[in-house]
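Peer 1: Take this structure first; my questions come after.
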Amino acid sequence: MALPDNIQNKKLRSIAEKVRDNIPVGEEDALYMLTTDDILDLGAIAHYIRTKFHGDIAYYGVNMNLNYTNICELRCPLCAFSCDENDEKAFLLSPDDIEQKIYSADSSGIDEVHIVGGLHPNLTIDYFEQMLRIIKKIKPDMHIVAFTAVEYDYFAKKNKIPIEEVFKRLMDAGVEALPGGGAEYAYEDSPTEKVYIVLEGEITVKTKKEELTLGPMELLYIAPNEGREIINKTNKPVSMMVAVSY
């Protein structure tokens, strides 16, 4: 069955008709696709567009997970990873450890490093800057996806510096994207004061008192409720965003 006949959801079927006829979808359609639970119908539309542009060719990246420590102040219910510093399974990677792991992974042909860890009480931001620079020294074009929203929030508080400075310093050291984990702060009823969003390719920090553009960055998490609010307020396209209570 061809598009849109294979779409069961009436609203998504009307969107699929626009896609088939090369008619741009509007903001209302985009928001519906962002919030719908009909993943199979939405996937059918996405598959139609993918095959239209790329046929049966699939693209993928080869990456590694770099978990720098499992020592963490938190004990999230879903996590079987965190432990105290004196736990027998506790570990913390040294700069030499990190260098060795990246060299080994690079020899296997990776093009991306995904970095997350625990909220280690004794690590300063210098440790993370050094880690990122080691990676970039080994392979300058390595794509680095690093640290969750919770980690950035923790880095700012632990180092007693503005979170804007945390972003800037780690971006300067090599961070190019954020993973989605930890962005669960970003819900409509969250007491969020600072929202980090992507507007036309730049990361913008918006508060009630200020707006600060830090530079190009990709955020790998979408929060539908907050996204809707931002779109209505700015009248600009919001690619992705993450909110951090700070």
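Peer 1: What shape does the range 60-179 take by its C-alpha gyration tensor, where a ≥ b ≥ c are the square roots of the eigenvalues and a/c under 1.5 counts as rounded, a/b above b/c as prolate, and the rest as oblate?
Peer 2: It comes out oblate by the Cα gyration axes.
Peer 1: Could you run the Karplus curve 6.51 cos²θ - 1.76 cosθ + 1.60 with θ = phi - 60° over the range 103-112 and give me ³J(HN,Hα) per residue in whole Hz, x for Gly and Pro?
Peer 2: 4, 5, 5, 4, 5, 8, x, 6, 10, 8
Peer 1: Using the Karplus curve 6.51 cos²θ - 1.76 cosθ + 1.60 with θ = phi - 60°, work out ³J(HN,Hα) for each residue of the range 119-124 in order, rounded to whole Hz, and write x for Gly and Pro.
Peer 2: 8, 7, x, 10, 8, 9
Peer 1: Right, next: What residues have an amide H closer than 5 Å to that of Ile115, excluding those fewer than 5 places away on the same chain, when H is modeled at 1.01 Å from N in the peptide plane?
Peer 2: Leu66, Val145, Ala146, Phe147
Peer 1: So for the range 60-179, taking the charge dipole from beta-carbon charges (+1 Lys/Arg, -1 Asp/Glu), which of Gly174, Leu119, Cys76 sits furthest toward the positive end?
Peer 2: Gly174
Peer 1: Stretch Lys160-Asp37 to full length: gain in nm at 0.36 nm per residue minus the Cα-Cα span?
Peer 2: So the extension gain works out to 40.2 nm.
Peer 1: Can you compute the charge dipole magnitude of the range 10-54 about its Cα centre, using +1 on each Lys and Arg Cβ and -1 on each Asp and Glu Cβ, nothing else charged? Give it in debye, rounded to the nearest 20.
Peer 2: 240 debye
Peer 1: Taking the Cα centre as origin and putting +1 on Lys and Arg beta-carbons and -1 on Asp and Glu beta-carbons, what dipole magnitude results for the range 74-178, to the nearest 20 debye?
Peer 2: For the range 74-178, the charge dipole is close to 200 debye.
Peer 1: How long is the gain from Val62 to Glu27 if the chain were fully straight, where each residue apart is worth 0.36 nm and the alpha carbon distance is subtracted?
Peer 2: Gain in length upon complete extension: 9.2 nm.
Peer 1: So, one more: According to the square roots a ≥ b ≥ c of the eigenvalues of the Cα gyration tensor, what is the shape class of the range 10-54, taking rounded for a/c under 1.5, prolate for a/b larger than b/c otherwise, and oblate for the remainder?
Peer 2: Taking the square roots of the gyration eigenvalues as a ≥ b ≥ c, the range 10-54 is oblate.
Peer 1: List, in order, the whole-Hz ³J(HN,Hα) value for each residue of the range 162-169 obtained from phi through the Karplus relation with A = 6.51, B = -1.76, C = 1.60 and θ = phi - 60°; use x for Gly and Pro.
Peer 2: x, 5, 4, 5, 4, 4, 4, 5
Peer 1: At Phe53 and Leu78, where each label point lies 7 Å from the Cα along Cα→Cβ, what is the point-to-point distance in nanometres?
Peer 2: Each label point is offset 7 Å from its Cα along the Cβ direction, giving 2.9 nm.
Peer 1: Multiplying the sequence separation of Ser107 and Lys89 by 0.36 nm and subtracting their Cα-Cα distance, what value in nm do you get?
Peer 2: 3.7 nm
Read-outs throughout are calculated quantities, based only on the coordinates presented, and are distinct from any laboratory measurement. Since this is a predicted model, take the numbers as computed values, not measurements. We place every Cβ from the backbone using ideal geometry, glycine too, and count neighbours over all the protein chains shown.
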